[in-house]
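Nothing in this text is a laboratory measurement; each read-out follows from the coordinates by a stated rule. Bear in mind that the values here come from a model prediction, so they are computed numbers and not experimental data. Counting neighbours? That spans all protein chains shown, and the Cβs are built from the backbone with ideal geometry, glycine included.
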Amino acid sequence: MLEKIWWKKSPDVLEKTLSFRIDEVLRKAVPSHVAIIMDGNGRWAKQRNLPRVMGHREGMNTVRKITRFANRLGIRVLTLYAFSTENWKRPRFEVDFLMKLPVEFLSTYLPELIEENVRVEMIGDFSALPLHTQKAIKDAMDATANNDGLVLNFAMNYGSRFELVNMVKAIGEMTRSGEIQPEDIDESLIESKLMTSHLPEPDLLIRTSGEVRLSNFMLWQLAYAEFNFTDVNWPDFDEECLLSAIEDFQMRNRRFGGVSEGIRIINK
């Protein structure tokens, strides 16, 4: 018993340990763009005998916490997979609740996001969202448009295959009109027609809740990203979880198909 008491860390000690780890992480290059598939809200709620929607609400609080911490670490872009094109298949009540969460989150935390110099953006089919969801996102984007800190990029009603089909259509129309020739099509042109054309490609993908798949998320953009899969459900994903993922990222040798000693991402 005495041994257990001796080794039990106080909150002050834990904070000092976390601060030391943050200092060590910041001595190296942190990923410029982190993308997260936020999974496990329903599992989190089920483990506590709560309705699934309560897991989504708790997950909203995690978004706030992780956004603040990512900004503290100097991450330039944080893309969060909030709602996929396939999620419309869920029960109507759950979908309606999910469509109200951006309204609640942005109306509650917009002053904080502005103070933190965060810029809100979105990728996905905006036109198919309910009007109240569209308004909340547009108001937040307008209010933070001049911020030049962390880009908080919500993937809402997003599907990578939908994005790629639209890219092919756009390039096909350019070819049909004679604006370009088939031989003009290259990776640069393709990237210019993606929803993320103005953003750097993700360096690190994190997926929570133990699933090991991409689920139609940024299939082109993740070509050379490092993957980190964790069993932690999204509502339980905290600052230490993100820090651990970045520490793991910093230990990897990123060769991008080459055979050199490795290339590290340098923050711009």
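Does region 120-227 come out rounded, prolate or oblate, given a ≥ b ≥ c as the square roots of the eigenvalues of its C-alpha gyration tensor, rounded meaning a/c under 1.5 and, failing that, prolate meaning a/b above b/c? Because a/c hits 1.5 or more and a/b fails to exceed b/c, region 120-227 counts as oblate.
Around G149, under 9 Å between beta carbons, what's the net of Lys plus Arg minus Asp minus Glu among the other residues? Local charge sum for G149: 0. Could you tell me which label, among (i) 19.6; (ii) 18.9; (iii) 20.1, carries the value of Kirkwood radius over Cα pairs in Å calculated for this structure? The calculated read-out lines up with (iii). In this label model, H132 and D248 are separated by 3.8 nm, measuring between points 7 Å along each Cα→Cβ vector. Straight Cα distances below 18 angstrom link K46 to the aspartates and glutamates E58, E94, E211, D231, D236, with same-chain residues fewer than 8 positions distant left out. In the structure shown, the pairs K169/K193; K89/K169; K89/K135 are assessed against 21 Å; a Cα-Cα span above that value is assigned to K89/K169; K89/K135.
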